[in-house]
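> One structure, pasted below without further comment.
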Amino acid sequence: MVISFVLFESLFLLGLISLPNLFIAGLLRHDWASVAVHTGHAAIFTSCCVLAFYCNGLYDPRRIRTCGAFIRRVSMTLGILTFLLAGVYWVGRALTIELPPPLQSVAHYVVPLVFLLLLRSALYPMINSRFLGKRVIILGTGPLAQMLAQEVDTSLHLQYKLLGYIDDNGYASTEATLGGHPILGQIELTGKIIEQQQPDLIIVALTERRMRLPVWDLLESRVNGVMIKDGIEIYERCTGKLALEQMTPSYLLFSKDFNKSTWLTVPQQFCSSAVAAIGLILTVPLMAIIALAIKLDSPGPIFFIQERAGLRGRTFRLVKFRTMYPSTDVAGSVWERDITSRLTRIGKLLRKFYLDELPQLFNILRGDMGLIGPRPEMASNIATMAEHIPYYTVRSTIRPGLTGWAQIKHGYALTQEEVTEKMRYDLYYVKNMSLGFDLRIILGTAKNMLLRRGT
């Protein structure tokens, strides 16, 4: 739905800017050259506008739910938009392409932006009311069912209207509601409940399906047009991560995803190597300056080198710029992460702008890593993490990456719970990896770096 909304809003904005000129210059004056130039300018402005909206989170339905929330972020968005237009303007000047100055562009397109605001103010109440939403029943009252109810409540863009739960844990005999939603009855009454509530969608989230799943009631509903969906699948769609504790091996075994064909992996590695090679050529002078600054700032080596686990568990030596004072202490737990008190002055600066990661371009060029993938874990920690986190070893079926889905969605992990949470995102990427998904991660990483969010 989000992608459809972005496309619709882009076309709406492009149309508002282009159509008046098309009518006046084209149909009345027959000046089609002017129409082409104006349409090009409008397309540039629309692209910059969409990028500014994306950078400021205005396409995130979880954050922006009302017109007021949209307006509060508009001022910063206009700043980003002006910055982007300034960049395009100076590039145009360098290429001798005539473009309107940035402030003139923003001023010229104020009216279309006002219309865009009116469009949003009309759409938000419609989305929040769930007037056209699907009527949903959750079959089950266990942890997965409650997590799903929470996601349905917060994911307004899905347009789901939760009618309630069908109980499989004995709640119905003691409680009338669960998490603010009614318990409609016991699982033995599934057929009657479906007949009374007339849902459009039933989400199956039973704690135990064996000998408990009301197969014939669900089958009758399905042939009558009611959609039946797996709770884990819906949770994945809502959150962009996997419900590790609720998954069974059969769910992964019979999944249609986990596509790792040569048509995908070869272009991925080629693009990673090409980006690494270009990056190294462009940043060699900067890396030389950083190396000198590290040497002058604190005693110790320039590089931090550590054994990390790569593809299929093979170890490799990961290289980063050193950002901490050397330590002789032996860590007592594999969950202990960076100690910020040990950061050097240069280290703080390098981490702030992610410059400590630059030497990993050598790892990418060697084939140890890719540009996109789960972050490589310390080789010595793998056995312990695999013991505590379900399906942990699945992440090693692809090359680790410089950035990944978990980095842009969660950031640094300092505890076992946070590492487990990142694993949910990592496994989601492994399951759904594609070139389009990689592009989305690259854009998200660039956004986080510009806004200085932890990755």
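> Keeping to the range 74-91, report how many residues are surrounded by fewer than 16 Cβ atoms within 10 Å (Cβ to Cβ) and not β-branched (Val, Ile, Thr).
Selection size over the range 74-91: 7.
> Also: Just checking, which of GLU195, GLU233, GLU245 is surrounded by 14 or more Cβ atoms within 10 Å (Cβ to Cβ), farther than 28 Å from ASP368 by Cβ and acidic (Asp, Glu)? Can you show your working first?
On the way: GLU195 fails: surrounded by 14 or more Cβ atoms within 10 Å (Cβ to Cβ); GLU245 fails: surrounded by 14 or more Cβ atoms within 10 Å (Cβ to Cβ).
Just one listed residue meets the conditions, GLU233.
> I've got another one for you. Go through SER121, SER105 for me and flag whichever is outside the structural domain of ALA446 (by TED's automatic domain parsing) and modelled with pLDDT under 80.
Numbers: SER121 fails: modelled with pLDDT under 80.
So the residue among SER121, SER105 that is outside the structural domain of ALA446 (by TED's automatic domain parsing) and modelled with pLDDT under 80 is SER105.
> A further question follows. Counting just the residues of the range 40-50 that are in contact with a helix residue (DSSP H, G or I) (Cβ under 9 Å, 6 or more places away or on another chain) and surrounded by fewer than 16 Cβ atoms within 10 Å (Cβ to Cβ), which one comes out nearest to ILE97 (Cα to Cα)? Break it down stepwise before answering.
The first filter runs over the range 40-50 and keeps only residues in contact with a helix residue (DSSP H, G or I) (Cβ under 9 Å, 6 or more places away or on another chain), leaving 41-50.
Now narrow it down to the ones that are surrounded by fewer than 16 Cβ atoms within 10 Å (Cβ to Cβ): 43, 47.
On the way: ALA43: 15, SER47: 17 Å.
Checked the range 40-50; the qualifying residue nearest to ILE97 (Cα to Cα) is ALA43.
> To continue, here is another question. If we only count helices (runs of 4 or more DSSP H) wholly inside the range 141-259, which ones have 1 or more residues that are of a type in the set (Asp, Glu)?
Those helices (runs of 4 or more DSSP H) span 143-154, 190-197, 215-223, 231-239.
> Let me confirm something: among LEU402, LEU361, LEU371, LEU343, which residue is over 26 Å from GLN246 (Cα atoms), in the same structural domain as LEU280 (by TED's automatic domain parsing), surrounded by fewer than 19 Cβ atoms within 10 Å (Cβ to Cβ) and among the hydrophobic types (A, V, I, L, M, F, W, C)? Steps first, answer last, please.
Details: LEU402 fails: surrounded by fewer than 19 Cβ atoms within 10 Å (Cβ to Cβ); LEU361 fails: surrounded by fewer than 19 Cβ atoms within 10 Å (Cβ to Cβ); LEU371 fails: surrounded by fewer than 19 Cβ atoms within 10 Å (Cβ to Cβ).
Step by step, each of LEU402, LEU361, LEU371, LEU343 is checked, and only LEU343 is over 26 Å from GLN246 (Cα atoms), in the same structural domain as LEU280 (by TED's automatic domain parsing), surrounded by fewer than 19 Cβ atoms within 10 Å (Cβ to Cβ) and among the hydrophobic types (A, V, I, L, M, F, W, C).
> Any idea how many residues of the range 259-305 are surrounded by fewer than 15 Cβ atoms within 10 Å (Cβ to Cβ), without any contact (Cβ under 8 Å) to a residue 60 or more places away in the chain and among the polar types (S, T, N, Q)?
Total meeting the criteria: 2.
> Suppose we filter THR393, THR445 for residues that are surrounded by fewer than 16 Cβ atoms within 10 Å (Cβ to Cβ) and either outside any loop (DSSP other than H, G, I, E, B) or at positive phi (or both); which single one remains?
THR393 is the lone residue from the list that is surrounded by fewer than 16 Cβ atoms within 10 Å (Cβ to Cβ) and either outside any loop (DSSP other than H, G, I, E, B) or at positive phi (or both).
> Okay, moving on. With respect to GLY444, is the statement that it is closer than 26 Å to SER261 by Cα and either more than 12 Å from the chain's Cα centre (by Cα) or not acidic (Asp, Glu) (or both) true?
The answer is yes for GLY444.
The values are calculated or read from the model by the stated rules, or taken from the named source; none is laboratory data. For clarity, every value in this text was computed on a predicted model and none was experimentally measured. Cβ atoms come from the backbone with ideal geometry, glycine included; neighbour counts cover every protein chain shown.
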